[in-house]
Structure formats: C-alpha cells, structure tokens
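Peer 1: First, the structure itself, so that you have it in front of you.
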Amino acid sequence: MKVKILFIGDSITDCGRLEDQEGLGTGYVRLVRDYLLASYPAIPFQFVNVGISGNRITDLVARWQEDVLNHKPDFVSISIGINDVWRQLDRPDLEQVTPELFKSHYIDLVTKVQEQTNAKIILMEPTIIGEQIDSTGNKLLIDYVKIVNELADHFKATVIPTHQAFIIFLQSGSTHQLTTDSVHMSSIGNMLMAKTWLKAVEGLLK
C-alpha cells in the first residue's frame with residue numbers, strides 16, 4: 001500500500017511540474033521527494049504535485065474535489081496565500097481575497113479533507129513577498145500567516161513554519177537570496193522550504 005503525499009498550492013509548489021516528466025517540478029516538492037526516498041527506501045511513497053501557478057485560495061476551492069479529494073491521499077500539504085496578498089499589490093482591480101474570506105475558504109477546504117478522507121493535513125505558512133522584513137507585502141502577509149496557524153491548531157493539523165523560517169533567515173543578515181523576484185524561490189529558498197517541511201513532518205512518517 002503506497003503512502004500518497006499530495007502537494008497543492010501556487011507557482012511555488014508548481015515550479016514547472018508540467019514540463020517535468022515526473023510531474024514534480026524543480027522546487028521544494030522535488031527536494032522533499034528526494035530526501036524521503038533516499039532516507040526511507042522501504043516506504044512505498046507516491047508523490048503528487050497539483051500546484052498551479054497564479055492560484056489563490058479561491059482557485060483551490062474550484063478544483064478541490066478533482067485535484068485533492070479524488071486522489072484519496074494519505075497526506076495533504078497545502079501552501080497558499082502568497083497570491084492572495086500579492087494580487088492586492090499588483091492587481092488592485094481584481095476582487096480581492098481578504099483575510100476573512102481566506103479564513104472562510106480555508107476552513108471549508110480542510111473540513112472537506114477531514115470529512116471525506118483519512119489524510120493527515122499539513123498547512124504551510126505563506127513564505128515572503130520581498131526580502132525586506134518590513135515590506136508592504138510581508139506586513140500584509142501577517143494576518144494570513146496567523147490564520148494558517150489558527151487553523152492548524154483548530155484542526156489538529158501539522159503547521160509548517162515557513163514564513164517564520166524565512167524571516168529568521170532574513171534577520172541573519174545573509175547576502176544570499178531566497179527568491180528570484182521577491183516571491184518565486186531561488187534554489188536556497190526551495191531548500192529552506194523543504195528543510196522546514198521535513199523537520200515538521202518527518203516524524204509522522206516513521
């Protein structure tokens with residue numbers, strides 16, 4: 001019986017998966033896969049990446065049944081929130097996802113996973129928007145990060161403190177870039193995401 005781990009999110013999760021023969025992309029999902037396969041060769045893992053570039057939580061709602069529930073995963077890892085905030089900055093003409101709407105949709109999605117599957121739920125904090133801690137994007141992200149943590153606590157889900165890990169890195173004064181354009185990951189950013197994910201989740205797999 002395979003252990004199916006499904007990752008859903010935006011471009012940070014997608015990371016070119018449609019151009020990848022294995023469908024995993026070149027980002028943190030692949031790094032997590034490689035580590036787990038190398039570390040636990042006896043566990044029959046199956047990895048599914050259904051990240052889609054540009055997605056906000058409203059997009060996840062529209063495809064939740066087909067792209068998540070129908071897969072009947074053992075683990076569901078959700079990474080969403082960056083575009084919900086970024087669109088407020090670069091596309092103010094759009095109908096925006098407020099923190100209240102974000103929370104309402106997120107509750108609905110996690111509830112459906114709990115009601116319709118036996119999957120363990122993994123909620124990833126949105127990372128960063130800009131590599132300055134006090135950027136407008138990072139200030140706006142605070143409410144969304146809080147919501148992810150509140151829901152992880154409410155649903156007894158595993159939270160991945162990715163935003164916290166990125167802020168700590170930025171506070172270190174390192175000159176290495178975590179992103180290529182303030183949002184999308186550099187190789188170091190992907191490694192930090194994967195490392196943070198594994199630190200929180202690895203114990204659940206043993």
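Peer 1: Using the structure shown, decide if residue 129 is surrounded by 13 or more Cβ atoms within 10 Å (Cβ to Cβ), closer than 19 Å to residue 63 by Cα, aliphatic (A, V, I, L, M) and at pLDDT 95 or above. Steps first, answer last, please.
Peer 2: On the way: surrounded by 13 or more Cβ atoms within 10 Å (Cβ to Cβ): yes; closer than 19 Å to residue 63 by Cα: no; aliphatic (A, V, I, L, M): yes; at pLDDT 95 or above: yes.
Answer is no for this residue.
Peer 1: Could you please find all residues in segment 1-59 being part of a strand (DSSP E or B) and surrounded by fewer than 16 Cβ atoms within 10 Å (Cβ to Cβ)? It would help to see each step written out before you state the result.
Peer 2: Taking segment 1-59 first, the residues part of a strand (DSSP E or B) are 3-9, 45-49.
If the condition is that a residue be part of a strand (DSSP E or B) and surrounded by fewer than 16 Cβ atoms within 10 Å (Cβ to Cβ), then 3, 46 are the ones that fit.
Peer 1: Looking at segment 144-195 only, could you name the residues that are in a loop (DSSP other than H, G, I, E, B), aliphatic (A, V, I, L, M) and over 18 Å from residue 134 (Cα atoms)?
Peer 2: Step one: filter segment 144-195 for residues in a loop (DSSP other than H, G, I, E, B), giving 156-157, 161, 172-178, 180-184, 186.
Then keep just the ones that are aliphatic (A, V, I, L, M); that gives 157, 178, 183.
Across segment 144-195, the qualifying residue is only 157.
Peer 1: Tell me which residues, restricted to segment 64-106, are surrounded by 22 or more Cβ atoms within 10 Å (Cβ to Cβ) and acidic (Asp, Glu).
Peer 2: 84 - this is the single residue of segment 64-106 that is surrounded by 22 or more Cβ atoms within 10 Å (Cβ to Cβ) and acidic (Asp, Glu).
Peer 1: Would you tally the residues in segment 15-39 being within 14 Å of residue 3 (Cα to Cα) and either among the basic types (Lys, Arg) or in contact with an Asp or Glu (Cβ under 9 Å, 6 or more places away or on another chain) (or both)?
Peer 2: 2
Peer 1: Return the residue satisfying two criteria in turn: it lies in segment 132-158 and is out of contact with any strand residue (DSSP E or B) (no Cβ under 8 Å at 6 or more places or on another chain) and buried (at least 17 other Cβ atoms within 10 Å of the Cβ), and of such residues it is nearest to residue 57 (Cα to Cα).
Peer 2: Filtering first and then ranking leaves 144.
Peer 1: How many residues, within segment 60-106, are hydroxyl-bearing (Ser, Thr, Tyr), in contact with a Leu (Cβ under 8 Å, 6 or more places away or on another chain) and part of a helix (DSSP H, G or I)? Step through it out loud before you land on a result.
Peer 2: Taking segment 60-106 as the starting set, the residues that turn out to be hydroxyl-bearing (Ser, Thr, Tyr) are 77, 79, 98, 104, 106.
Pick out the ones that are also in contact with a Leu (Cβ under 8 Å, 6 or more places away or on another chain) and you get 77, 106.
Imposing the further condition that a residue be part of a helix (DSSP H, G or I) reduces the set to 106.
Of the residues in segment 60-106, 1 are hydroxyl-bearing (Ser, Thr, Tyr), in contact with a Leu (Cβ under 8 Å, 6 or more places away or on another chain) and part of a helix (DSSP H, G or I).
Peer 1: Something else now. Between a first residue in segment 15-32 that is in contact (Cβ under 8 Å) with a residue 12 or more places away in the chain and a second residue that is of a type in the set (Val, Ile, Thr), which pairs have beta carbons less than 6 Å apart while being 6 or more apart in sequence or on different chains?
Peer 2: 15/26
Peer 1: What tally of residues in segment 67-100 results from selecting those that are modelled with pLDDT of 95 or more and basic (Lys, Arg)?
Peer 2: Within segment 67-100, residues that are modelled with pLDDT of 95 or more and basic (Lys, Arg) number 2.
Peer 1: Which residues, taken from segment 1-52, are basic (Lys, Arg) and out of contact with any strand residue (DSSP E or B) (no Cβ under 8 Å at 6 or more places or on another chain)?
Peer 2: Of the residues in segment 1-52, the ones basic (Lys, Arg) are 2, 4, 17, 30, 33.
30, the sole residue that qualifies.
The values are calculated or read from the model by the stated rules, or taken from the named source; none is laboratory data. Just so you know, these numbers come straight off a predicted model, no measurement behind them. Because the Cβ atoms are built from the backbone with ideal geometry, glycine has one as well, and the counts that use them run over all protein chains shown.
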